[in-house]
Each structure stands twice: as structure tokens, then as C-alpha cells.
Amino acid sequence: MLNEGIMPKYLIANWKMNLLAGSSLELAEKYKQKLKGIKGLELAVAPSALYLDQLGKFFRKTNIKLVAQNVAAQDQGAWTGEVSAKMLKEIGCGYVIVGHSERRHKMGETNEMVNKKINQCFNNGLTPILCIGETEDEKEAGRRNSVLVKQLQTALDKVNGLPENKLLIAYEPVWAIGTGLNMSAAAMFEVERLVKRTLSGLYSEKFYDTEVSLIYGGSVSSINAQEFWNLDFMQGMLVGTASLDAVEFELIAQQAS
Ligand code: PGA
């Protein structure tokens with residue numbers, strides 16, 4: 001069975017470190033109003049960790065799910081400044097973005113740390129959104145495939161909770177994040193085949209077909225969203241910049257149907 005048609009499509013907003021409390025709540029209010037009529041899409045928002053609790057309560061009876069932007073690699077204890085998977089679960093998070101390229105390239109997060117974080121998610125009933133993607137230099141050097149395979153194989157090595165749980169993979173080429181640059185459909189298809197091959201090798205093809213959703217991220221906007229929704233081998237999008245504007249985000253959502 002192919003995974004087209006049996007998985008929901010996802011639209012996930014990543015607000016990053018952009019909004020203070022007042023503007024987070026204002027944007028949440030606009031999301032609630034504008035997205036309430038959207039059907040058939042799994043909608044989710046990743047605000048700053050500081051506002052997760054408050055926004056989780058705010059979105060509780062809506063069609064919008066709560067996502068954390070990061071999680072600690074450890075279970076609990078003397079890890080100053082970290083937020084554990086248990087804490088995220090307790091306040092109602094369903095998903096966690098793990099291994100975002102900004103954390104990998106600006107905060108020094110390694111594939112091994114990403115692996116621990118993925119384990120923490122599954123140990124605590126959270127669905128990870130594992131981000132993978134090559135940098136521009138890696139792309140130019142013809143290393144895209146080897147980088148992606150390494151990221152997947154290390155992150156998903158001996159993970160508790162797989163293959164019996166859901167996993168989201170966000171393919172986000174680093175050169176496309178926040179730059180306005182986009183990827184061709186043909187290149188995207190190559191990446192999808194590569195991810196499928198790699199995960200089928202690690203677990204099984206059935207796992208890929210039934211539990212894995214591959215989404216795209218990188219300069220998605222209301223101008224190009226239709227092209228991404230049209231790709232039936234992809235299951236949705238992770239949106240940064242355009243998600244800070246509720247009108248833009250609504251336009252992206254509307255194009256899914
Ligand atoms: P962008 O960010 O939409 O601004 O390119 C995407 C992301 O970092 O997830």
C-alpha cells in the first residue's frame with residue numbers, strides 16, 4: 001500500500017523565537033478564527049517554549065495542535081535550562097520539532113543528540129518531527145544524499161518506539177530556509193525515494209507506508225503552497241516566516257483542498 005491517501009496532510013507553523021507574549025496570543029487568536037473552518041488537515045503550531053502552556057490551554061478545544069520547537073536529550077535531573085519530554089507531554093504537547101537546522105548549525109546539535117531526543121519523544125508519547133536537510137555547500141559538493149542518509153540513520157538508530165509509532169520527517173534544505181529559494185518537484189521526488197529507501201532499510205517498507213509522513217519546509221508561502229500541496233508523495237509543510245502572518249497561513253491552508 002502506498003502512503004498516499006491514508007495519511008492526513010499536515011500544516012505546521014514554526015514561530016521560532018519571533019514573538020513576545022502579547023503578540024503570540026494575538027496571533028493565536030487570529031489562527032483560531034481563521035482556521036476554524038479548515039477541514040481535513042492536521043494543523044499545528046510551535047510557539048516559543050515559554051508560551052506552550054498558555055497557548056496549549058488556548059487551543060485546547062480548537063482544531064490546532066501544540067508543537068514544541070525543541071526537547072532535552074535527557075530524561076530529567078541536573079540539566080540547567082532544558083525542558084524535558086515529560087514536561088512537554090504534561091502540558092499537552094503532541095509533537096516536537098527535533099533537529100531543526102537552526103539547532104544543528106547554530107547551536108551545535110549533532111545527529112547523536114538528535115537520536116537521544118527522538119528516544120525521549122517516543123519514551124514519553126510525543127510524536128517527533130525529525131528535520132533533515134543539506135546545506136548549500138553540501139548540495140554544491142554533490143553530497144545531498146549522503147548527508148540525508150547519515151542524518152536519518154543516526155537519528156533513527158535503535159529507537160525505542162519504532163516501527164510501531166508515527167514519525168514525521170521534515171525535509172528542509174538549509175539553503176531554502178528563509179531565503180525565498182525553492183526546490184524543484186523532480187528533486188523533491190528524488191529525496192522522497194531516498195527517504196523511503198533509507199527507512200525501509202532501517203525498519204520496513206510497511207513502516208514507511210503506514211507510519212511515516214514526509215513533509216517539506218523552506219520558504220513556503222501562499223505564492224508557492226499550491227505546488228507543494230500538489231505533490232502527492234509529500235504529506236504537508238512546515239512553515240516559518242509565512243506562519244507569522246495569519247492571513248498568509250490561512251491562504252496556505254485553504255490551498256490544500
Ligand atoms: P521558512 O522556515 O518558512 O521561513 O523558510 C521554515 C523552517 O525553518 O521550518
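Checked against (1) within 16 Å of the ligand (Cβ to nearest atom); (2) at pLDDT below 95; (3) not aliphatic (A, V, I, L, M), residue 172 passes all but a single condition, namely (2).
No other residue among 46, 28 is under 18 Å from residue 239 (Cα atoms), open to solvent by less than 10 Å² (accessible area, probe 1.4 Å), among the hydrophobic types (A, V, I, L, M, F, W, C) and within 18 Å of the chain's Cα centre (by Cα) apart from 46.
Taking first residues from segment 173-189 that are under 11 Å from residue 231 (Cα atoms) and partners that are more than 10 Å from the ligand (Cβ to nearest atom) and open to solvent by less than 50 Å² (accessible area, probe 1.4 Å), the Cβ contacts under 8 Å between residues at least 6 apart in sequence or on separate chains come to 185/231; 188/171; 188/231; 188/233; 188/234; 189/231; 189/233. Each residue in segment 150-175 was checked for being over 15 Å from residue 200 (Cβ atoms) and not in a helix (DSSP H, G or I), and 13 of them qualify.
Suppose we filter segment 216-251 for residues that are more than 10 Å from the ligand (Cβ to nearest atom) and open to solvent by less than 30 Å² (accessible area, probe 1.4 Å); how many remain? So that I can check it myself, show each step before the final result.
The first filter runs over segment 216-251 and keeps only residues more than 10 Å from the ligand (Cβ to nearest atom), leaving 222-236, 245-251.
Those still in the list that are open to solvent by less than 30 Å² (accessible area, probe 1.4 Å) too: 222, 224-225, 228-229, 231, 233-236, 246, 249.
Residues that pass the stated criteria total 12.
The values are calculated or read from the model by the stated rules, or taken from the named source; none is laboratory data. What you see is a predicted model; the values in this text were computed from it and never measured. Note that each Cβ is placed from the backbone with ideal geometry, even for glycine, and that neighbours are counted across all protein chains shown. Accessible surface is based on the protein model in full, side chains and every heavy atom, while ligands, DNA and RNA are left aside. Shrake-Rupley method; radii C 1.70, N 1.55, O 1.52, S 1.80 Å.
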